[in-house]
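Heads up, the thing below is written out as structure tokens.
The values are calculated or read from the model by the stated rules, or taken from the named source; none is laboratory data. Predicted model only: the values in this text are computed from it and were never measured. Counting neighbours? That spans all protein chains shown, and the Cβs are built from the backbone with ideal geometry, glycine included.
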Amino acid sequence: MESKLIIIRGNSGSGKTTTAMSLQNHLGHGTLLVSQDAVRRDMLMVKDREGNLSIDLIRQIAEYGKGKCEFVIVEGILNKNRYGEMLNHLIQFYNQKAYTYYYDLSFEETVKRHNSRSKKFEFGEASLRAWWNANEYLGVDGEVKLTDEMSQSEVFELILSQIKN
């Protein structure tokens with residue numbers, strides 16, 4: 001089986017997890033979803049700092065899916081400075097069968113999207129601003145920018161159309 005890697009990145013509250021979960025549900029059984037939050041916070045309980053344990057575990061889980069799962073989705077903020085080397089490794093590991101997406105939203109749009117979800121009660125605009133990283137592109141070939149003008153359903157349809165080719 002030839003596996004395809006889907007990387008979805010962006011700031012907190014942009015829609016990454018919603019998109020990744022929708023894709024997993026649509027693509028069906030055997031689609032591996034590797035969520036940075038699940039690995040870092042739930043499995044390892046580590047801070048998102050340089051060299052944290054989640055970087056290597058995300059890589060190992062994503063590598064596990066190659067040849068076993070048709071689609072492997074890696075999603076999260078995945079800050080370029082901390083996770084970029086690992087993500088570039090995965091792109092090579094998947095023999096360039098990788099699709100990379102970055103939610104390039106304005107801060108205002110991110111706040112609007114964040115306020116429409118249940119996590120709005122966990123943290124607010126001040127936290128979003130403190131965590132904000134603009135223009136966090138990986139700079140890899142084919143990286144797709146997802147913008148303010150694109151709805152969740154448009155993003156979902158775009159990704160589906162690209163990975164199904």
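Does Glu157 meet the test of being at pLDDT 95 or above, of a type in the set (D, E, K, R) and farther than 26 Å from His89 by Cβ? The answer is yes for Glu157. If the condition is being more than 19 Å from Leu90 (Cα to Cα) and of a type in the set (A, V, I, L, M, F, W, C), then the range 34-50 contributes Met43, Leu44, Met45, Val46.
In the range 119-165, which residue that is part of a loop (DSSP other than H, G, I, E, B) and touching a strand residue (DSSP E or B) at 6+ places or on another chain (Cβ under 8 Å) is surrounded by the fewest Cβ atoms within 10 Å (Cβ to Cβ)?
Step by step, filter the range 119-165, then rank; the result is Gly142.
Of all residues in the range 46-93, those satisfying the criterion of being hydroxyl-bearing (Ser, Thr, Tyr) and farther than 16 Å from Val140 by Cα are Ser54, Tyr64.
No other residue among Leu23, Leu33, Leu78, Leu57 is among the aliphatic types (A, V, I, L, M), in a loop (DSSP other than H, G, I, E, B) and modelled with pLDDT of 95 or more apart from Leu78.
Being assigned to a loop (DSSP other than H, G, I, E, B), under 19 Å from Ser127 (Cβ atoms), touching a residue at least 24 places away in the same chain (Cβ under 8 Å) and not hydroxyl-bearing (Ser, Thr, Tyr) is a property that Asp48 has.
I'm trying to understand the selection: among the residues of the range 20-38, which are β-branched (Val, Ile, Thr) and either surrounded by fewer than 23 Cβ atoms within 10 Å (Cβ to Cβ) or touching a Gly at 6+ places or on another chain (Cβ under 7 Å) (or both)?
Narrowing the range 20-38 to residues β-branched (Val, Ile, Thr): 31, 34.
Once the filter is applied, which keeps residues that are β-branched (Val, Ile, Thr) and either surrounded by fewer than 23 Cβ atoms within 10 Å (Cβ to Cβ) or touching a Gly at 6+ places or on another chain (Cβ under 7 Å) (or both), the range 20-38 yields only Thr31.
Of everything in the range 1-16 that is of a type in the set (Ser, Thr, Tyr) and modelled with pLDDT under 95, the residue that is nearest to Thr110 (Cα to Cα) is Ser14. Taking the criterion of being part of a helix (DSSP H, G or I) and loosely packed, with under 13 Cβ neighbours inside 10 Å, the residues of the range 96-118 that qualify are Glu108, Ser118.
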